[in-house]
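First the structure, in the form of structure tokens, and then the observations on it.
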Amino acid sequence: MFRRLWWFIRAHKKKYIIGILLLVICDVLVLLPPWLVGELINRMRVGTLQGQGLVWNVALIVALAFLLYGMRFAWRYYLFGASLILEKTLRNRLFGHLTQMSPAFYDRRRTGDLMALATNDIVAIEMTSSIGILMLVDSLTMTLVALSAMVVLISWKLTLAALLPLPLLAWATSYYGKLLHDRFFDAQTAFGRLNDHVQESISGIRVLRAFVQEQPDVISFTKTADDVMEKNIRVAKIDALFEPTILFLIGVSFLIGIGYGTTLVFNSELTLGELVSFNLYLGLLIWPMLALGWLMNIVQRGSASWERLSDVLEEEPEITGGTESKGQEKTRASLEVTNLTFRYPGQESAALCDISLMVRPGQTVGIVGRTGSGKSTLMKLWLHFYTVPECSICVEGIPIEQWNTAALRSRFGYVPQDHFLFSRTVKENIVFGDEGASDEAVERALGNAALEVDMTHLPGGLATTVGERGITLSGGQKQRISIARALVMEPEVLLLDDSLSAVDARTEETILSHLRRERRGKTTVIVAHRMSAVMHADRIYVMDAGRIAEQGTHLELIAQDGWYAEQFRRQQAQATLEDEGEDA
């Protein structure tokens, strides 16, 4: 685990060197008080201790206490300060990595598990880099220094006898450490599932209440929480074994030390003061032995968390993009799809089959079809959200795999079906893709999205905070804010993925008339279920089961008398009935 963290330790070696050096000095200075106490006892026993000598020795012990106080503060500042930098670095690295991953990555990963990585797992790694290093250095230094003092200053025979239980201690900590690693890994995975359940339930709380599923969801959550508790109890059982095992074996060492040491005193091989000093030194070994157990505990937790984190960080983005960043003349973008067949990762059936179509610069193209026919999939592939066969999709005559991903997507204004809004103000959501947009551009986008009247009804107008995921707004308002967000960028290509489904027919016609006026000469692709949304398009494609079933202008498709014509007549009849109902 420390080898895995070496890149960070090397980068912040100054902090670690100063912290470790101060820690080692503290461990050496700690040996002086036991030696001074032993000397005082020997001088008292032989009657050579005088008042002035006692005062000087006590003053020296007090001075050492203050010196150790200051040095302990300093090494904690350097070691723990460096570990906080590691925590920040890993969080930044994880978040930056997540922003580079394609939608396919999030199709495989649970949100709750990713949240657990950013919280619990990174904290476990941070503890390894701080408390773990502290315990490693402290336990090794204190053990070596205390043993050296016991061997050199007291008796090597007594020291060897007192250390007889240590091999058993080493085996026990190693065995417990392996068990802890596996159980902590399982506990963190279960915690990720718990996070995912909470996130999903809170996001879908209105659906839960609408279907009166609160109690079943509570029962399901309780089962998940019980599983997390059970796995953490299994971890706690191993945690609980470390300290009693260590203290028991240290107690055996004390028993050996006192029993054999007393024999050596009776045989005049050891003085009483030396036996007292030996037991004080042996007492100093209690902390290193406990630290060794905690070290194994922390390192195994950190190691399990590092494996979970590395599993995510080592996953390469599927969409890397090329180097092309310049296209042809601005607002004259063309889109071309040639013999495209696409399957979502892990799926056997194809979402798109042998698709070929052309969107010429400045055209408005409509795409319609049954639900699940592949319309939204095509929108996502134009944005290069998923890997596609080489040269199957071209933007401005350049295959999308050759485009720099940011440069490619900056040419598009995309309005997805779910019209996601951030927990910010209305204006901040609108200028999300172009924070430098002028007030005039924002007002124009509001007008084109038919939002001016709605803004007067909001308490703060554009400064109104929309709440999490736009919860304070209606579906139509959220959808139109998403449209305004795309329009304010004045993109070369505007992709509307069923973006008018939540508005009424009159509002839809208002928005479409604005788009026809504002987007004249610019490329626009409209995916819709209402034929009225695409009837004015230059070209209309009808998709069915991932294939293009019909294509042509509105009049050509009506003449073909296929699915498009049938849907158009049905929707026209429905609209007529609704108008008659309103008039009545």
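Read-outs: derived from the displayed coordinates by stated rules, not from any lab. Not measured: the values here are computed from a predicted model. Here Cβ is always computed from backbone atoms with ideal geometry, including for glycine, and neighbour counts include all displayed protein chains.
State which stretch of the chain is the longest one without any exposed GluC sites (Glu not before Pro), exposure meaning a DSSP loop state and at most 10 other Cβ atoms within 10 Å. Before the final figure, lay out the partial values.
Details: sites that count: GLU314, GLU329, GLU348, GLU390, GLU435.
Of all site-free stretches, the longest is 1-313.
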Sort ARG4, ARG539, ARG485 by Cβ crowding within 10 Å, fewest neighbours at the top.
ARG4, ARG539, ARG485
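Take the Cα radius of gyration of segment 264-309 and divide it by 2.2 N^0.38 Å, with N its residue count; two decimals is plenty. Before the final figure, lay out the partial values.
On the way: Rg = 19.2 Å, N = 46, 2.2 N^0.38 = 9.4 Å.
Cα-based Rg divided by the globular estimate yields 2.04.
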Provide the packing ranking of 75-83, 246-254, i.e. peptides ordered by the mean count of other C-beta atoms within 10 Å per residue, highest first.
75-83, 246-254
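For a 29 Å ceiling on Cα separation, which of these pairs sit above it: LYS14/LYS157; LYS157/LYS237; LYS223/LYS375; LYS478/LYS522?
On the way: LYS14/LYS157 41 Å; LYS157/LYS237 37 Å; LYS223/LYS375 39 Å; LYS478/LYS522 25 Å.
Cα-Cα > 29 Å for LYS14/LYS157; LYS157/LYS237; LYS223/LYS375; rest within.
How much net charge surrounds ALA441 when only the other residues with a Cβ under 12 Å from the Cβ of ALA441 are counted, with Lys and Arg +1 and Asp and Glu -1?
-4
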Whole-number D in µm² s⁻¹ for segment 69-149, Kirkwood Cα-pair radius fed into Stokes-Einstein, 10 °C, 1.306 mPa s
105 µm²/s
Can you tell me the orientation of helix 286-313 relative to the chain, as the angle in degrees between its alpha-carbon axis and the longest Cα principal axis, to the nearest 10?
20 degrees
Whole-angstrom Cα spans of the chain along principal axes, big to small
120, 51, 45
Find how many whole Å separate the alpha carbon centroid of segment 241-263 from the alpha carbon centroid of segment 379-394.
70 Å
Segment 6-313: radius of gyration and largest Cα-Cα distance (Dmax), Å:
25.9, 90
Using a cut-off of 22 Å between alpha-carbon atoms, which lysines can reach LYS15, once sequence neighbours fewer than 8 places away in the same chain are excluded?
LYS88
Contour minus Cα-Cα distance for PHE2 and ILE219 (0.36 nm per residue)
73.9 nm
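With the convex hull built on the Cα atoms of segment 422-481, state its orientation-averaged projected area in nm². Walk me through the intermediate numbers first.
Working: hull surface 14.5 nm².
Convex hull of Cα atoms, orientation-averaged projection: 3.6 nm².
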Three principal axis lengths of segment 369-460 [C-alpha, angstrom, descending]
50, 34, 23
